2 protein chains.
Amino acid sequence: MPRIDHLGIAVRDLRAAARLYELLGCRATAAEEVPQEGVRAVMLPLGESRIELLEATRPDSPVGRFLERRGGGLHHVALAVSDLAAVVVRLRAAGVRLVSDAIQVGAGGHRYVFLHPSAAGGVLIELIESGESTKGNERQS
Amino acid sequence: MPRIDHLGIAVRDLRAAARLYELLGCRATAAEEVPQEGVRAVMLPLGESRIELLEATRPDSPVGRFLERRGGGLHHVALAVSDLAAVVVRLRAAGVRLVSDAIQVGAGGHRYVFLHPSAAGGVLIELIESGESTKGNERQS
C-alpha cells in the first residue's frame with residue numbers, strides 16, 4: 001500500500017506559513033535553499049508524512065510560476081510506492097500521462113516521477129520509491 | 001505531533017479517479033453517499049492516512065461549487081491533533097481565522113473545525129481530534 005510521503009505547499013512567506021503549523025504542534029526545520037529548483041523549503045514532520053512549505057527564490061521557477069498563477073496552495077502530493085519501476089510500467093500500460101518519460105534521479109539518489117496533473121484530476125502527484133524520502137531537491141511543476 | 005488524517009480531493013468522476021490510485025496499489029472502498037453534504041465519496045487507505053475522492057451529487061453543494069470554480073483538485077487537508085480544544089484556543093489567541101466559531105460535531109460524533117483558507121495560504125485545513133477519524137460526512141468548502 002502506498003503512503004503519503006509529503007505534501008508540497010507553495011507559500012509567499014515561509015516563516016509566516018510555518019507559524020500556523022507550529023501552532024498546531026508541528027516543529028519546523030530550518031529553511032533550506034535548493035538553488036537548482038529556485039525554492040527555499042521548510043519541512044514539517046507529520047507522523048509518517050511531512051508538509052514541505054516551498055517559497056520561490058526566483059519568479060520563473062516552477063513554484064514561482066505556480067504562486068503567480070494560483071497565489072499559493074497545494075503544489076504536489078508525493079506518494080511513496082514499493083516498486084516504482086513496476087508502478088510506472090502499469091501506469092504506462094493504462095495510458096496514464098507522466099511529466100517525464102523516464103524515472104528521474106534526484107540529488108540524494110532517490111528515484112521519482114511526476115504524473116501529469118491531467119492524469120489525476122488536477123492534482124500534481126509525485127511518486128517516489130518507498131523507503132526513500134525526497135530531500136526537497138527534485139520539485140517540478 | 002499532528003498527522004495527516006486524510007486528503008479530500010474533488011473529482012468529476014469517482015470511479016475514473018479511483019482507477020488511477022488502484023494502479024498505484026490502493027484499494028478503494030465502495031462509494032458512499034453523504035446526502036447532507038451533497039457528495040458521494042470513495043476512500044483510499046494510504047498508510048496511517050487516506051485519500052477521500054469526492055464527487056458532487058448536486059451542483060450547489062460545497063464540492064459541486066468547488067468543481068465548477070476549479071475543475072477538480074485538492075479540496076481540503078485534514079490533520080489529526082491530540083487536543084483539539086487546546087489547539088483552537090491557541091489558534092484564536094494568534095488571530096487565526098476559522099470557518100466556524102465553535103468546534104463542530106459530525107454524524108459519527110467526531111469533533112472538527114475548518115480553518116479559513118486565507119489562514120493557510122489558500123489551503124483549506126480541517127482539524128480533527130486525534131484518535132477519531134472523519135467518516136466522510138462533515139465536509140464544507
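Dipole orientation for the protein assembly as shown: of the candidates A:72, A:114, B:31, A:72 has the Cα lying most toward the positive pole (charges on Cβ; Lys, Arg +1; Asp, Glu -1).
Calculate the spin-label point distance for residue B:29 paired with residue B:13, positioning each point 7 Å from the Cα along the beta-carbon direction, and give it in nanometres. Modelled inter-label distance: 2.4 nm.
Scan chain B and hand back the longest stretch that contains none of the trypsin sites (Lys or Arg not before Pro) lying in DSSP loops with at most 12 other Cβ atoms within 10 Å.
The longest such stretch corresponds to B:28-96.
Compactness of the range B:6-74 was expressed as the Cα radius of gyration divided by 2.2 N^0.38 Å, which yields 1.04. Separation of the range B:100-132 and the range A:24-66, taken as the distance between their Cα centroids, equals 24 angstrom. For chain A, the 222 nm mean residue ellipticity estimated from helices alone, with every DSSP H stretch of n ≥ 4 adding -39500 (n - 2.57) and the total spread over all residues, rounds to -6000 deg cm²/dmol.
Give me the Debye-computed log₁₀ of I(q)/I(0) at q = 0.12 Å⁻¹ for the protein assembly as shown, equal point scatterers on Cα only, no solvent, two decimals. Cα-only, vacuum Debye calculation for the protein assembly as shown: -0.72.
Coordinate-derived values only; no laboratory data. Quick caveat: nothing in here was measured; it's all calculated off a predicted structure. In this analysis, Cβ positions are derived from the backbone assuming ideal geometry, glycine residues included, and neighbour counts consider all displayed protein chains.
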